[in-house]
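Colleague: Right, I'll just put the structure down here and ask away after.
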Amino acid sequence: MPVLKSDISIGSDEYRRNREVYDERIADLHRRRAAAVLGGPERARRLHKERKQLLPRERIAALLDPGSPFLEFCQLAGEDMYDGVPPGGSIITGVGMVSGRPCMVIANDATVKGGTYYGITCKKHVRAQRFAWQHRLPCITLVQSGGANLPDQPNIFPDDGQFGSIFYNQIRMSGEGIAQIAVVHGPSTAGGAYIPALCDETVIVRNQGAMFLGGPQLVYAATKEEVGIEELGGGEMHSRISGVTDHLAENDSHAIAITRDIVANLGEIPVQRWDVAEPCAPRYDPADIYGLISADPRVPTNNREIVARLVDNSEFHEFKALYGDTLITGFARIMGFEVGILCNNGVLFSESALKATHFIDLCCKRDIPLLFMADVTGFMVGRTAEEGGIAKNGAKMITAMASANVPKYTLIIGNSYGAGYLSMCGRAFKPNAMMMWPNGRSAIMGPDQAANTLAMVKDEAHKREGTSWTDNEREAYRAPVRKQFEDFASAYNFARNTWCDMVIDPLETRQVMALLLDLAGRLPAQPTQFGVLRM
Ligand code: COA
């Protein structure tokens with residue numbers, strides 16, 4: 001297969017400066033991750049340990065097979081929301097190996113406001129379930145939660161995608177034979193109790209785990225009945241009397257051991273359907289990516305250089321290299337898995353959109369997963385573009401991308417604006433996973449364009465009303481708009497809102513893709529039926 005040629009100057013001042021800025025971005029990413037991994041405040045963690053409980057991440061570590069990776073989803077959810085309370089949104093979600101089988105693990109973090117569910121917690125739990133559903137992964141929920149975080153009611157209670165969806169998804173997945181397993185590690189109230197009650201098989205820890213629809217105080221307030229936690233919903237009661245739980249464990253570690261046995265008895269482990277080649281490192285050092293991406297977001301990257309640093313042996317069978325060259329398309333392997341890559345290298349024109357449509361069709365016919373590497377400010381505008389049918393050609397690309405039933409992955413490696421974001425498999429088009437590099441940005445439009453557009457609207461209003469404003473006033477109006485759009489576009493804003501699954505170091509990309517592709521390849525191939533492609 002042809003090898004991509006590289007032509008960069010590692011010794012240049014510009015390269016060095018870019019690299020310094022990117023090193024700081026990576027340090028920032030690790031600081032954010034460390035804060036999320038720590039969990040709740042020190043006092044809550046101490047209390048947890050005094051109760052002789054394993055911390056949530058210790059539970060996960062004990063549950064996973066030794067050496068198993070843990071592909072964490074939405075780790076930075078909730079960052080800086082709710083007065084800075086919830087690292088990770090009071091829940092941890094990710095995929096790891098349990099008894100030799102990939103499973104989705106969902107663990108409440110009771111050190112964060114009693115493991116209660118904020119709106120963002122619901123979104124993160126539901127996202128983890130959807131990934132598990134799509135990949136038919138057993139869900140293991142490690143429960144210790146006070147249920148709904150009451151002040152956040154509007155974001156938890158009434159709508160689709162909130163707490164009710166967690167139950168709905170559990171039930172429908174169970175119906176489709178996707179195992180639902182829970183361990184009740186601590187007090188679990190209301191919604192926190194329904195989650196294990198709706199599972200196929202449930203373990204509870206003696207003298208620690210408890211589940212009830214209303215706790216002792218609520219029962220007293222409602223009925224004047226005085227009853228303690230253990231009698232109302234402890235492990236003994238639920239395992240011997242109510243039958244709500246199926247296994248009684250002596251402590252957290254014992255509960256985890258029982259859970260591993262449950263998973264060991266789930267039947268056949270699905271096998272990989274693709275031929276996976278021997279993984280092979282790229283010929284060019286992936287760490288060069290740090291210096292290739294400009295410190296100035298307005299300076300475009302030569303993304304052929306980026307592709308060369310992500311694919312095995314830098315081998316790339318490019319499709320239509322001479323046509324529609326603002327989109328690079330071609331076949332390559334990442335850690336041995338074959339992928340069809342669509343990578344922006346400029347604004348999308350009619351030709352690039354047509355090329356994308358053709359390429360997506362090829363990949364669907366050949367059962368090759370698609371990797372969208374987004375770095376795009378949008379589609380070309382203007383009279384020539386419109387006369388050339390950019391609207392119908394863009395629509396073809398979007399129809400092909402949305403219809404494609406091969407696994408799809410979105411990696412935002414730079415800009416991802418407006419319809420460009422959507423057409424490169426934005427979140428609404430349900431990619432199997434969406435990742436962003438720390439320099440990734442996405443919004444309806446760039447900060448300057450947004451500030452200019454809104455200022456022009458105001459210019460028109462002044463004209464209409466016969467008033468005017470000074471240049472200083474105009475700039476004072478533009479500045480906050482620019483700032484608002486800059487903040488919005490940040491990868492971390494996407495991460496905190498669960499609009500992307502993870503922010504990753506470019507150097508983690510190959511590993512993350514390998515884990516994701518391995519999961520997708522354990523499902524049967526799905527045929528694609530394209531929507532009407534407007535000619
Ligand atoms: N909504 C909002 N905040 C809640 C909450 C809820 N449902 N339940 C607990 N919290 C908060 C507490 O106020 C406390 O906040 P603080 O750290 O700022 O003081 C924090 O979560 C931890 O609660 P605490 O009671 O100190 O911890 P705990 O480990 O001893 O007990 C619970 C945790 C969840 C068992 C206990 O708080 C409880 O029973 N809560 C009520 C649960 C309930 O009735 N939910 C109904 C949902 S419909």
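The values are calculated or read from the model by the stated rules, or taken from the named source; none is laboratory data. Just so it is clear, the structure is predicted and the values come from calculations on it, not from any experiment. Cβ: placed from backbone, ideal geometry, glycine included. Neighbour counts: every protein chain shown. Side chains included, ligands, DNA and RNA excluded: accessible areas come from the protein's heavy atoms. Shrake-Rupley method; radii C 1.70, N 1.55, O 1.52, S 1.80 Å.
Colleague: Give me the percent of accessible area attributable to carbon and sulfur for the chain, probe 1.4 angstrom.
Modeller: Using a 1.4 Å probe with all protein chains present, the chain comes out at 55 percent carbon and sulfur.
Colleague: Taking the convex hull of the alpha carbon atoms in the chain, what volume per residue do you get, in Å³?
Modeller: Hull volume over Cα atoms, normalised by residue count, gives 187 Å³.
Colleague: Then there is this: Could you tell me the calculated FRET efficiency between residue 427 and residue 296, based on Cβ-Cβ distance and R0 = 22 angstrom, to the nearest 0.05?
Modeller: 0.25
Colleague: Shifting gears a bit: Top to bottom by accessible area (1.4 Å), largest first, where do 54, 322 land?
Modeller: Heavy-atom accessible area, descending, gives 322, 54.
Colleague: Helix 350-366 against the longest principal axis of the chain: what's the angle in degrees, Cα atoms only, rounded to the nearest 10?
Modeller: Once rounded, the angle reads 50 degrees.
Colleague: Another question about this same structure. On a 0 to 90° scale, report how tilted helix 119-135 is relative to the longest principal axis of the chain, with both axes built from alpha carbons and the result rounded to the nearest 10.
Modeller: 80 degrees
Colleague: Now for a separate question. If each of residue 452 and residue 484 carries a label point 7 Å out from its Cα toward its Cβ, how far apart are those two points in nm?
Modeller: 1.9 nm
Colleague: Given charges of +1 on the Cβ of Lys and Arg and -1 on the Cβ of Asp and Glu, with all other atoms neutral, how large is the dipole of the chain about its Cα centre, in debye to the nearest 20?
Modeller: The calculated dipole for the chain is roughly 500 debye.
Colleague: Further question: Under a point spin-label approximation (7 Å from Cα along Cα-to-Cβ), what is the residue 264-residue 463 distance to one decimal in nm?
Modeller: 7.6 nm
Colleague: Still on this structure, I have one more. For residue 133, tell me the accessible area in Å² from a 1.4 Å probe, rounded to the nearest 10.
Modeller: Approximately 60 Å² for this residue.
Colleague: Here's something else I'd like to know. Dipole size in debye (nearest 20) for the range 294-378 around its Cα centre, Lys and Arg Cβ +1, Asp and Glu Cβ -1?
Modeller: 80 debye
Colleague: Further question: With a 1.4 Å probe and all protein chains in place, put 99, 9 in order of accessible area, largest first.
Modeller: 9, 99
Colleague: Taking R0 as 45 Å, what FRET efficiency do you get between residue 222 and residue 24 from their Cβ-Cβ distance, rounded to the nearest 0.05? Show your work: numbers first, answer last.
Modeller: Numbers: r = 55 Å, r/R0 = 1.22.
With a Förster radius of 45 Å, E is 0.25.
Colleague: Also, I was wondering about something else. Mind checking the angle between helix 447-465 and the chain's longest principal axis? C-alpha axes, 0 to 90 degrees, to the nearest 10.
Modeller: 70 degrees
Colleague: Suppose the chain between residue 236 and residue 10 were pulled fully straight at 0.36 nm per residue; how much longer would it get relative to their current alpha carbon spacing?
Modeller: 74.8 nm
Colleague: Once both labels are modelled 7 Å past Cα along the beta-carbon direction, what's the residue 153-residue 525 spacing in nm?
Modeller: Label at residue 153, label at residue 525, 5.3 nm between them.
Colleague: Determine the gain in length on full extension of the stretch residue 473-residue 44; use 0.36 nm per residue of separation and subtract their C-alpha separation, reporting nm with one decimal.
Modeller: Full-extension gain reported as 149.5 nm.
Colleague: Another question about this same structure. Which residue, chosen from 494, 97, 343, occupies the Cα position most advanced towards the positive end of the dipole of the chain, where the dipole is computed from +1 (Lys, Arg) and -1 (Asp, Glu) charges on Cβ about the Cα centre?
Modeller: My answer, from the dipole projection, is 343.
Colleague: On the Cα set of the range 389-496, report Rg and Dmax in Å, please.
Modeller: 17.8, 57
Colleague: Also, I was wondering about something else. Kindly provide the pair-distance distribution of the range 195-331 built from C-alpha pairs, with 10 Å bins from 0 and whole-percent values in order of increasing distance.
Modeller: P(r) for the range 195-331, in whole percents per bin: 10, 21, 15, 9, 14, 19, 11, 1.
Colleague: While we're here: Hey, could you get me the Stokes-Einstein D for the range 489-535, Kirkwood radius over alpha-carbon pairs, 20 °C and 1.002 mPa s, rounded to whole µm² s⁻¹?
Modeller: Details: Rh = 13.9 Å.
The estimated diffusion coefficient comes to 154 µm²/s.
Colleague: Below 28 Å, Cα to Cα, which lysines can residue 396 reach? Residues fewer than 8 away in the same chain don't count.
Modeller: Within reach: 320, 355, 365, 408, 430.
Colleague: Still on this structure, I have one more. Can you check what the Kirkwood hydrodynamic radius comes to for the range 1-69, Cα pairs only, in Å to one decimal?
Modeller: Working: mean 1/r = 0.0604 Å⁻¹.
Averaging 1/r across every pair of different Cα atoms and inverting gives 16.6 Å.
Colleague: With every protein chain left in place, what is the accessible area per residue of the chain in square angstrom, probe 1.4 Å?
Modeller: 44 Å²
Colleague: Would you mind calculating the relative contact order of the range 330-465 from Cα pairs under 8 angstrom and at least 6 residues apart, reporting the percent as a whole number?
Modeller: That works out to 23 percent.
Colleague: Would you tell me the accessible area of residue 532, worked out with a 1.4 angstrom probe on the heavy atoms of the protein chains, in Å² to the nearest 10?
Modeller: 140 Å²
Colleague: Suppose only helical runs count, i.e. DSSP H with n ≥ 4. What mean residue ellipticity at 222 nm does that imply for the chain under -39500 (n - 2.57) per run, divided by all residues and rounded to the nearest 500 deg cm²/dmol?
Modeller: -12000 deg cm²/dmol, from helical runs alone.
Colleague: Would you tell me the accessible area of residue 200, worked out with a 1.4 angstrom probe on the heavy atoms of the protein chains, in Å² to the nearest 10?
Modeller: 80 Å²
Colleague: Would you mind pulling out the separation of the Cα centroids of the range 326-403 and the range 130-170, in Å?
Modeller: Rounded to whole Å, the Cα centres lie 35 Å apart.
Colleague: What is the spread of the Cα atoms of the range 274-387 along each of their three principal axes, largest first, in whole Å?
Modeller: Cα spread of the range 274-387 along its principal axes, largest to smallest: 49, 39, 19 Å.
Colleague: A further question on this structure: Alpha carbon centre of the range 257-291 versus the range 479-535: separation in Å?
Modeller: Here the two parts' Cα centres lie 19 Å apart.
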